[in-house]
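The values are calculated or read from the model by the stated rules, or taken from the named source; none is laboratory data. This structure is a prediction, so every number in the text was calculated from the model and none was measured. Cβ coordinates were reconstructed from backbone atoms using ideal geometry, including for glycine residues, and neighbour counts include every protein chain displayed. We work out accessible area using only protein heavy atoms, side chains counted, and drop any ligands, DNA or RNA first. Shrake-Rupley method; radii C 1.70, N 1.55, O 1.52, S 1.80 Å.
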Amino acid sequence: MGAVTAAVAVSLSTIGVSALTPASAAQVHYSTPPLQSWRLNGQGFAVVVDGGTAYVGGQFTTARSFNGQQTATRLDLSAFDVATGDLVTSFRADTDGVVRALATDGTHLFVGGDFSTIGGHAVQNLARLDLATGAVDTSWAGGANNVVWALAAEGGTLYVGGAFNRINGVSRPRLGAVDADTGALSSWAPTPDGQI
């Protein structure tokens, strides 16, 4: 047995696969039956999981149960139970435009995209919602003057990327940061020369 073959055999044997006897190699079986979960009638562009809930943002109007017997209006933003796949009916935050990005700090859901209202409240492409209900936090000061494509929450700061020129009315071409608690604009201003 050559050095390379021996090295491969040793490496594979450490994970329980024999390179020398393919018939005894571990067999991997899989199937792809549909999950017994709710479905959306459009596209999902962003997903974030917090605890046992998966939040999905995109471009859709309806969530439908697996058997098709139940439907619920959900405009571009929805939440599902991770364990069961069921729609979380207590969460409702319909938007009037596409949701492109989601992030969470474990307490709130941050939503970015191309919209001007969520849950009937005027917000401009960036908002903070209650994780449990989807209610818009109207005291939070975030907002961007064009599409938000990316969000990341870290250490009390929400980083925002997209096609905008201004956040909270202040010049922040395509990339900026706000305080996750208040929405107040950070001094961080890298000014990239293209969309994020």
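In table form, for the structure just shown:
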item: Given (1) touching a Leu at 6+ places or on another chain (Cβ under 7 Å); (2) not in a loop (DSSP other than H, G, I, E, B), number of the condition residue 196 does not satisfy; result: (2)
item: When residues of segment 104-116 are limited to those that are more than 20 Å from residue 40 (Cβ to Cβ) and of a type outside the set (Asp, Glu), the one most open to solvent (accessible area, probe 1.4 Å); result: 107
item: Within segment 144-188, tally of residues that are open to solvent by less than 50 Å² (accessible area, probe 1.4 Å) and among the aromatic types (Phe, Trp, Tyr); result: 1
item: Only one of 150, 135, 93, 141 that is more than 30 Å from residue 39 (Cβ to Cβ) and either out of contact with any His (no Cβ under 7 Å at 6 or more places or on another chain) or not hydroxyl-bearing (Ser, Thr, Tyr) (or both); result: 141
item: Single residue of segment 117-143 satisfying the filter (crowded, with 24+ Cβ neighbours inside 10 Å and aliphatic (A, V, I, L, M)) that is nearest to residue 54 (Cα to Cα); result: 129
item: Enumeration of residues in segment 47-98 that are charged (D, E, K, R) and either within 19 Å of residue 111 (Cβ to Cβ) or open to solvent by less than 40 Å² (accessible area, probe 1.4 Å) (or both); result: 50, 74, 76, 92, 94, 96
item: Residue satisfying all of: in segment 136-171; part of a strand (DSSP E or B) and among the charged types (D, E, K, R); nearest to the chain's Cα centre (by Cα) among these; result: 154
